[in-house]
Amino acid sequence: MPDMPLLKLENIGKEYFGNRVLADVSFSLNRGEILGLVGENGAGKSTLMNILFGMPVIASTGGYEGSLYFDGEKVSFKSPFDALDVGIGMVHQEFSLIPGFSAAENILLNREVLNRSVLENLFSPRAATLDRQTMNARAARAIETLGVDIGVDTIVSEMPVGYKQFIEIAREIDRAKTRLLVLDEPTAVLTETESQILLSALRKLADSGISIIFISHRLQETIGLCDKLVVLRDGRIVKEVPVKDTELSARDIASWMVGRNVDNNPTARRVNSSTGEIALEVEHLWVDMPGEAVRDASFTVHKGEIFGIGGLAGQGKLGIPNGIMGLFPAGGTVKLFGQAVELGEPRAALDSKMAFVSEDRRGVGLLLGERIDWNITFTAMQVQDRFLKDVPFFGKFLRLRDDVAIAEEARGYIESLEIKCTGVGQRAVELSGGNQQKICLAKAFCLKPDLLLVCEPTRGIDVGAKELVLGTLRRYNEEYGTTIIVTSSELEELRAVCDRVAIVGGGGVAGILPASRPPEDFGILMMGEKIDA
Amino acid sequence: MSENTAAFQTRRTFAQKITALFAAHAVPIIFIVISALAIPISGFSATYLIQELLIRIGRNSFLILSLLIPIMAGMGLNFGMVLGAMAGQIGLIFVCDWAIVGVPGIVLAMIIGTPIAVVLGLLCGAVLNRAKGQEMVTGYILGFFINGLYQLVVLYFMGWFIPIADTSLVLSRGYGIRNAISLMGIRTVLDRLLPLRLGPFDIGTFHLGYIDVPVATYLVIAAFCFFVIWFRKTKLGQDMRAIGQDRAVSDSAGIPVDKTRIIAIVISTVLACYGQIIYLQNMGTLNTYNSHDQAGMFSIAALLIGGASVTRASIGNVFLGVILFHLMFIVAPMAGKNLMGQAQIGEFFRVFVSYGIIAVALVLHAWKRHNAIMNARRSLRGAPGKKEAA
């Protein structure tokens, strides 16, 4: 049956803890075909690949729905090794290379060619020595297939980043069995020329009969390379189109990816309370935040404005607020109402009346084991010397916690933010995600900040709580005129709550647009294309 | 102009290279300098020094070599090697009791010690797998724990329900082994198996005497070195190197990480057992309750003095370390006596140096790792040209 597709997905679906992330995904892939899989962060691409690869996380969260066919046979992989066994190779976004090993050693990692010896019969095959000559020859052949020139003896840690990507792919090519290759963002770390070499190498591989699933955010190269395009949005396939026959533009794809119903939340648009006075001025900011590095970002935020920062994961959007608050090493200039803020020093940021709601709620945001009221007032107590009682004669050297004032303050917030709890003495760890987030907001409000930075305010909380949290932010802004910077992966949320939204890409600001612009404009910015402001 | 810049940069990198070379080998260089100063002050003759060094290299090298394989597997300095030393001592106690002398006695002690060392190694490996990243401190404390079991066996069980026939080994109360056991039956038998005497060295009117070389011991050590070299080339050795550099990547490539780590510790423990037997046959006395304690600390100190680090150690480090470490032990007391009028200063120096050097090596390791992390962090931002504004 030569016409039978190599890979066929039928009605694949997946729920994580009652939260649907994939529904009814079906497509097929023929031999030697390249399929481009695109979608926003959270569209379900990674989950789909985890299912395809039999990652343990899938089984441990209740398995998946639907069926997978590989080479005509129904398969269900228990572990990634099962997937490798039938011939599915995966190149991950993070490198899985041994830094001190040569290219050849990495390409043949745990598949080394061994010399025959008596010892392997006596003990185990692991007692046999390595046949380095054959290993080098095999590695050289795999590298050659890719059309690049990398010495097999080169140590990986001394290679430019682009080369490492080639080594990863060469490893999959060397597996004789590999028939399907999955590449997750392979060009993200490559330069323009390296990308071109890689793309033509992939074309060659496909022509030799290997099927490829290509996941990329760079739409232009996806269009150039793939035979077929599958667009995922909110866990569903919104579009499946052949690339070659149609004239596709990056703009079309972007609108499919982000194109929710634009009018679904028209009342949410808020009144702009900005005065035009500049509140925050950021120039050439760089931040060393692992996974969210910022290279050179500049923007200004007006007083009384709600300013959104969006963009794909890993582009640096979270690095900006974390860097301004001094949580990671940073440089450049940040001025708050004309006053320069010392970077790399959280205390300096807090002293200049900025407050921060971290995306890492359980790690940075809360003292999980402590009472609600302590959580809310802790930073104010530390930074602003509030909620403290003087002890006679001791002056500044000994002061006691003012429990009455603390409880009163907390009670106020519990009421106004509708925090569901048994009382001010309940421990933060016992609350639901949404209520924990409200505690984080209360803690920030308690500082009476001039500028409030909020990261991923709705991550991991249910829909009802989302509305409440966003509503709270909006209300706080309107009541006190506080300038707010919201960082979020959810574009719709930013468009609903913000005045202007900056899209971050490649560690810099790709563009700043008014929130009223159609979503596909933001989508195009996210994909690294230019757009008129 | 650009050529000038390039030349200037090469020159600078050359100077930097020399600085880097000194920084990388600071510990051995300091010891070479100290020894070079102390040797003339001590007034020892060359033949005496060489003879002493030859004996001590033969005595200690095997023990130190046993540390190499766990370092390769990324488990750091194996403080758990004292477990192997204890196994070897138990073997020696039985051999003494049964009065088996000569090389057969040594071989029998090894045969008895091996299964004990394997069991202790498996235990140690299993514990260390539950304490990944804290192997060294865990191994060190595990050494204390097993020392307790060792004492229970040797001090209470032997002569009670483990029969010990030779009453001269047993404490006067009727059970438990004496504090010091003479190993007369096997004393230096390996060293004297293949006798080789060099000399006499007479230069002018100076009569400098003979140098005896313990040939058989050196052959055993050479065999061990070849084993290490061969082992590095095997699949198992390759797997250990991979695990040593990145556990997660090795795991995702299908290398059985935990099992391989246990194998590394078992090999190290068994070899430490043999090493301790070789060490004690040279010393001729077994300090039942102390010998193993010193084995770990001094071996690790010697390896570090040879320029090894927590993550990298070679056969060259072993021999350079054992030479420098013992050279200092030989000359320091005499140099101390000649300088200060008391030999005690040298003894103080020995303990001070052993612990000090381990502390320094661990601090250096932490410092280098910190630097590596900082560099990795800086590289996150990518092209350096982009941050000129910083």
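Any read-out appearing in this document is the output of simple, stated calculations on the displayed coordinates, not a laboratory observation. Remember, predicted model here, so these are calculated numbers, not experimental data. In this analysis, Cβ positions are derived from the backbone assuming ideal geometry, glycine residues included, and neighbour counts consider all displayed protein chains.
A compact table of results
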read-out	value
Sorted peptide list for A:71-78, A:9-16, B:90-97, criterion being average Cβ within 10 angstrom, highest first	B:90-97, A:9-16, A:71-78
In order through segment A:281-289: 3J(HN,Hα) via Karplus (6.51 cos²θ - 1.76 cosθ + 1.60), integer Hz, x for Gly, Pro	10, 10, 10, 6, 6, 10, 9, 8, 9
Relative contact order (percent, whole number), chain A, Cα cutoff 8 Å, 6+ residue spacing	14
With eigenvalues of the C-alpha gyration tensor scaled by 5 and rooted, segment A:367-448, Å	25, 12, 11
Square roots of five times the Cα gyration tensor eigenvalues for segment A:87-176, Å	25, 13, 13
Cut-off 14 Å between beta-carbons: net charge of the residues surrounding A:Thr300, Lys and Arg +1, Asp and Glu -1	-2
Cα extents of segment B:237-356 along the three principal axes, largest first (Å)	62, 29, 20
Under 28 Å from the Cα of A:Lys420 - lysines, other chains or at least 8 residues apart	A:Lys438, A:Lys443, A:Lys448, A:Lys466
Whole-number percent relative contact order across segment A:367-448, with pairs defined as alpha carbons under 8 Å at least 6 apart	44
Lys pairs, chain B - Cα-Cα below 29 angstrom, 8 or more residues apart or on other chains	13
Peptide A:112-120, shielding by other chains (average Cβ, 10 Å cutoff)	2
Residue-by-residue Karplus 3J(HN,Hα) for segment B:250-267, coefficients 6.51, -1.76, 1.60, Hz, glycine and proline x	4, 4, 6, 8, x, 6, x, 4, 4, 4, 5, 5, 5, 4, 4, 6, 5, 4
Mean Cβ count within 10 Å, highest first, over the residues of peptides A:472-483, B:363-374, A:489-500	A:489-500, A:472-483, B:363-374
Proximal aspartates and glutamates relative to A:Lys353, as straight alpha-carbon distance under 20 Å, when same-chain residues fewer than 8 apart are discounted	A:Glu277, A:Glu281, A:Glu283, A:Glu305, A:Glu342, A:Glu345, A:Asp385, A:Glu409, A:Asp450, A:Glu478, A:Glu479
Cα gyration tensor shape of segment B:175-245, rounded if a/c is under 1.5, else prolate or oblate by comparing a/b with b/c	oblate
Spherically averaged projected area of segment B:1-141 from its Cα convex hull (nm²)	15.3
15 Å beta-carbon shell around B:Ile262, net charge (K/R +1, D/E -1)	+2
Cα Rg, Dmax (largest Cα-Cα span) when computed across segment A:185-235, Å	11.4, 34
Point-charge dipole on Cβ atoms (K/R +1, D/E -1) for the protein assembly as shown, about Cα centre, debye to 20	2260
Peptide-level mean, for B:231-240, of C-beta atoms on other protein chains within 10 Å	6
Computed helical MRE - 222 nm, the protein assembly as shown, DSSP H runs ≥ 4 contributing -39500 (n - 2.57), nearest 500	-15500 deg cm²/dmol
Relative contact order (%) - criterion: Cα under 8 Å, at least six apart; region: segment B:61-315	40
Equivalent ellipsoid semi-axes, segment A:1-154, via Cα gyration tensor eigenvalues times 5, rooted, Å	35, 19, 17
Test item: Cα-centred dipole of segment B:61-315, Lys/Arg +1 and Asp/Glu -1 on Cβ, debye	400
Ranking of A:Leu6, B:Leu54 by count of other Cβ atoms within 10 Å, fewest first	B:Leu54, A:Leu6
Per-residue ³J(HN,Hα) for segment B:121-133, Karplus 6.51 cos²θ - 1.76 cosθ + 1.60, θ = phi - 60°, Hz, x for Gly and Pro	x, 4, 4, 4, x, 5, 5, 5, 5, 8, 10, 4, x
Amide H contacts of A:Leu453 (H built 1.01 Å from N, under 5 Å, at least 5 apart or other chain)	A:Ala355, A:Phe356, A:Val357, A:Ile485
Histogram of C-alpha separations across the protein assembly as shown, 10 Å bin width, %	2, 9, 15, 17, 17, 15, 12, 8, 3, 1, 0
Rounded tilt (10° steps) of A:433-446 against the dominant C-alpha axis of chain A	40
Set of lysines with alpha-carbon distance to A:Lys239 below 23 Å, sequence-local pairs under 8 removed	A:Lys8, A:Lys14, A:Lys45, A:Lys228
Cα-based convex hull volume of chain B per residue, rounded to whole Å³	206
Dipole magnitude of chain A, debye to nearest 20 (Cβ charges: Lys/Arg +1, Asp/Glu -1, about Cα centre)	720
Percent of beta bridges antiparallel (DSSP, the protein assembly as shown, rounded to nearest 5)	60
